[in-house]
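The values are calculated or read from the model by the stated rules, or taken from the named source; none is laboratory data. Computed from a predicted structure; not experimentally measured. No Cβ is skipped: glycine too gets one built from the backbone with ideal geometry, and neighbour counts run over all protein chains shown.
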Protein chains: 2
Amino acid sequence: MSAAGSRQWTLLARPQGHLRDGDVRLDEVQVPDPGPGEVRVRNTWLSVDPWTRSQMDEAPTYVPSFPLGSPVEAEAVGVVEAVGVGVEGVHEGDEVLHGKGWREVSLVDAADARVLDTSVVPAQTWLGVLGTTGLTAYVGLLDVAGFREGDVVLVSGAAGAVGSVAGQVARLRGASAVVGLAGTPEKVRWLLDDAGFTAAADYHDAPPEQLLTDLLPGGADVYFDNVAGPTLEAAIPRMRTHGRIALCGAISGYGSTDEPAGPSTFHLARGKRLTMRGFLVGDHLDRTDAFVADMTRWIAAGELAHRETVVDGVEATYEALRGLLAGANTGKMLVRLPSGA
Amino acid sequence: MSAAGSRQWTLLARPQGHLRDGDVRLDEVQVPDPGPGEVRVRNTWLSVDPWTRSQMDEAPTYVPSFPLGSPVEAEAVGVVEAVGVGVEGVHEGDEVLHGKGWREVSLVDAADARVLDTSVVPAQTWLGVLGTTGLTAYVGLLDVAGFREGDVVLVSGAAGAVGSVAGQVARLRGASAVVGLAGTPEKVRWLLDDAGFTAAADYHDAPPEQLLTDLLPGGADVYFDNVAGPTLEAAIPRMRTHGRIALCGAISGYGSTDEPAGPSTFHLARGKRLTMRGFLVGDHLDRTDAFVADMTRWIAAGELAHRETVVDGVEATYEALRGLLAGANTGKMLVRLPSGA
């Protein structure tokens, strides 16, 4: 074994609102041989996630902050190319999932590397529908929003990695209708033609009050909220009595330096007996096995549409995050590295 | 039997914000003999409740509206003085609870009159701690907020009919601390000296952010919200992870014609994994038996302090509602009629 050259992203400055070119830098480094208990992984796919933006802030509310001058990291999959002494259960050539991405070559504690089953799905699927975003959708819909068969379900950010799974799990579990909001006509077509949504609209086409009145003439039982802001404000009055809102994401506010306002329709929650519940997927990891079993079955049966938006090369990772925050993706946003082709 | 003279309140105009003298009128009427299935009740105590104000609006969000020109009504207790043909289970001389108050003499469907057990508590207690406000506190704390032994509980409007019971049920069920906000130094003393709250403060003494930081150095697991507005806004950042907020009342906004703003701290709900849940007591009437059993035991054992703020005469009812909305009461606000002395 010997050190391996790699490129990785370093955080230089805290972004002020939107991401600027100088906030990060792509550095060339040498990754040493793995120490005891470590493995070295040549990454094939890097995950691009909205919470990475939050981690660039000094004091994000629910994720750890990246220190200035240190690497930006997120999930990745890759192939183990070197194994340190004392490692058991991880072998050279294994495809593994780990949290040391945004780089070409990662040194990973073997205990934090999960060997992947790629017999049913390719490795990058474990970053998407079978990964954290998929689990977020699954527990957010079933456990946090308490979805029940026959519910009418509204999903915002519906063509994203989380939203597209949330809406389809609702469909597969017996929703009476699944309504999605997305950001382009093409995404809307995908929701209707491929993901099996009952109805969908481009949120640019009209104010959210009007769109939701048209799309939900009888109201919604569940709202899976990925965007917060005016859409949440418009959704609350459309909720049925005893409706449930899973507060998952606030992508409409990411990159803003203003304190977000509370939804002006909040006071309706009392009379409607609404439940609004925030959650983080990390509290629900005990649901992973049930999630993987359900999802693998649905994927194998061709019942769960999933798409990836792929960019190439570690040097494209930062721009991919910008794109994600601007809604450029349908489904999971991924970076493909040469060995992942 | 023969008709009985009575005075009752008629709604003449929709209040614009605060209650005006001309919005209601005290009318003299003759109440006829009870028809088949009816009883005539000479009321002894009238309940004064915050939701009566909402019912004066044209389109309240969660209670029925009083039509213009018709009587204002709320709960009352009284003595049956005449029984119509075909009535079973209600007899002359019975003390009953019914919903046709804000008058001296009521004609009530016998099916809607509940014969009261006054062996442990006097009749008016069934309008207060054993009545709708008490049940609201009980289910709001235990079922809606999911109170658990050891929780730190914050209650606003803590000296009111609902808040004072919510805080004490928390204490009796094993809260590790119960913190109350109220509106006068005298109420604060009552919370500390009689109701057994761990800590309490007059909300006029400092901005809510400062008060709650002082009162809840370790945060709160449950917030029983009777007031909404700036107090809710300040409570959200003080909630512990997985905290639960029961959205019970919004007395800070009653009488305002402005659309209430959403809490500016709402966005913290995601990271803190908060649950915010609106409720109406009418959905929880199946808990009445458990509630009455618990409360009767606590009252008999002297473990549950309860106070009433009493005004005299049907003519004082409207002013009593004004007083309630301004925080003039400690515990349940009641009107005593001559036969209730």
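Details
- Any chance A:T265 is free of Cβ contacts under 8 Å to residues at least 60 places away in the same chain and surrounded by fewer than 22 Cβ atoms within 10 Å (Cβ to Cβ): yes
- Restricting B:G93, B:G140, B:G160, B:G128 to those that are free of Cβ contacts under 8 Å to residues at least 60 places away in the same chain and not charged (D, E, K, R) reduces the list to B:G93.
- Look at region A:311-330: where a residue is surrounded by fewer than 16 Cβ atoms within 10 Å (Cβ to Cβ), no partner that is in a helix (DSSP H, G or I) and modelled with pLDDT of 95 or more sits 6+ places away or on another chain with Cβ atoms under 7 Å.
- Meets criteria (closer than 24 Å to B:A145 by Cα, surrounded by fewer than 22 Cβ atoms within 10 Å (Cβ to Cβ) and in contact (Cβ under 8 Å) with a residue 60 or more places away in the chain) for A:R336: no
- Of residues in region B:261-280 being farther than 15 Å from B:A145 by Cβ, part of a loop (DSSP other than H, G, I, E, B) and within 26 Å of the chain's Cα centre (by Cα), the one nearest to the other protein chains (Cβ to nearest Cβ): B:P263
- From the list A:G327, A:G323, A:G302, the lone residue that is in the same structural domain as A:R42 (by TED's automatic domain parsing) and at positive phi is A:G327.
- Pick from region A:308-341, criterion of a type in the set (D, E) and either at pLDDT 95 or above or under 16 Å from A:G183 (Cβ atoms) (or both), ranking: farthest from the chain's Cα centre (by Cα): A:E315
- Total residues in region B:46-97, condition away from chain A (no Cβ under 14 Å), among the hydroxyl-bearing types (S, T, Y) and within 19 Å of the chain's Cα centre (by Cα): 2
- Within region A:215-230, the residues that satisfy the criterion of being in contact (Cβ under 8 Å) with a residue 60 or more places away in the chain and under 11 Å from A:G249 (Cβ atoms) are A:F224, A:D225, A:N226, A:V227.
- Selection status of B:R287, away from chain A (no Cβ under 14 Å) and surrounded by 18 or more Cβ atoms within 10 Å (Cβ to Cβ): no
- Here is the figure for region B:207-228: residues that are over 18 Å from the mean Cα position of the chain (by Cα) and either at the interface with another protein chain (Cβ under 10 Å from one of its Cβ atoms) or of a type in the set (A, V, I, L, M) (or both) total 6.
- Listed conditions (1) over 25 Å from A:A201 (Cα atoms); (2) surrounded by fewer than 24 Cβ atoms within 10 Å (Cβ to Cβ) are all met by A:L127, apart from (2).
- Residue within region B:197-204 that is touching a residue at least 24 places away in the same chain (Cβ under 8 Å) and under 20 Å from B:D294 (Cα atoms) present: yes
- Taking the criterion of being exposed (fewer than 13 other Cβ atoms within 10 Å of the Cβ) and free of Cβ contacts under 8 Å to residues at least 40 places away in the same chain, the residues of region A:4-26 that qualify are A:R20, A:D21, A:G22.
- Within region A:123-158, being under 29 Å from A:G86 (Cα atoms) and part of a loop (DSSP other than H, G, I, E, B) holds for one residue alone: A:G131.
- When residues of region A:149-172 are limited to those that are of a type outside the set (A, V, I, L, M, F, W, C) and in contact with a Lys or Arg (Cβ under 9 Å, 6 or more places away or on another chain), the one farthest from A:L211 (Cα to Cα): A:E149
- Only a single criterion out of (1) without any contact (Cβ under 8 Å) to a residue 24 or more places away in the chain; (2) surrounded by 20 or more Cβ atoms within 10 Å (Cβ to Cβ) is not satisfied by A:A59, namely (2).
- Neighbours by Cβ (under 6 Å, 6+ apart or cross-chain): first from region A:104-124, farther than 17 Å from A:A293 by Cβ; second surrounded by 14 or more Cβ atoms within 10 Å (Cβ to Cβ) and among the hydroxyl-bearing types (S, T, Y): A:E104/A:S6; A:V105/A:S6
- Test: residue in region A:215-232 that is among the aromatic types (F, W, Y) and modelled with pLDDT of 95 or more: yes
- Contact map, region A:271-288: residues that are under 18 Å from A:V222 (Cα atoms) paired with residues that are among the polar types (S, T, N, Q) and assigned to a strand (DSSP E or B), Cβ distance under 8 Å, separation 6+ or inter-chain. Pairs shown: A:K272/A:T241; A:R273/A:T241; A:T275/B:T275; A:M276/B:T275; A:R277/B:T275; A:G278/B:T275.
- Tallying residues that are assigned to a strand (DSSP E or B) and more than 12 Å from A:P36 (Cβ to Cβ) within region A:83-106 yields 7.
- B:S156 closer than 20 Å to B:V335 by Cα and of a type in the set (S, T, N, Q): no
- Filtering region B:213-227 to residues that are crowded, with 24+ Cβ neighbours inside 10 Å and not in a strand (DSSP E or B) leaves B:N226, B:V227.
- Residue tally, condition at pLDDT 95 or above, β-branched (V, I, T) and in contact with an Asp or Glu (Cβ under 6 Å, 6 or more places away or on another chain), over region B:116-171: 1
- Residues satisfying the stated conditions in region A:233-271, i.e. more than 14 Å from B:A269 (Cβ to Cβ), of a type in the set (A, V, I, L, M, F, W, C) and at pLDDT below 95: A:I251, A:L268
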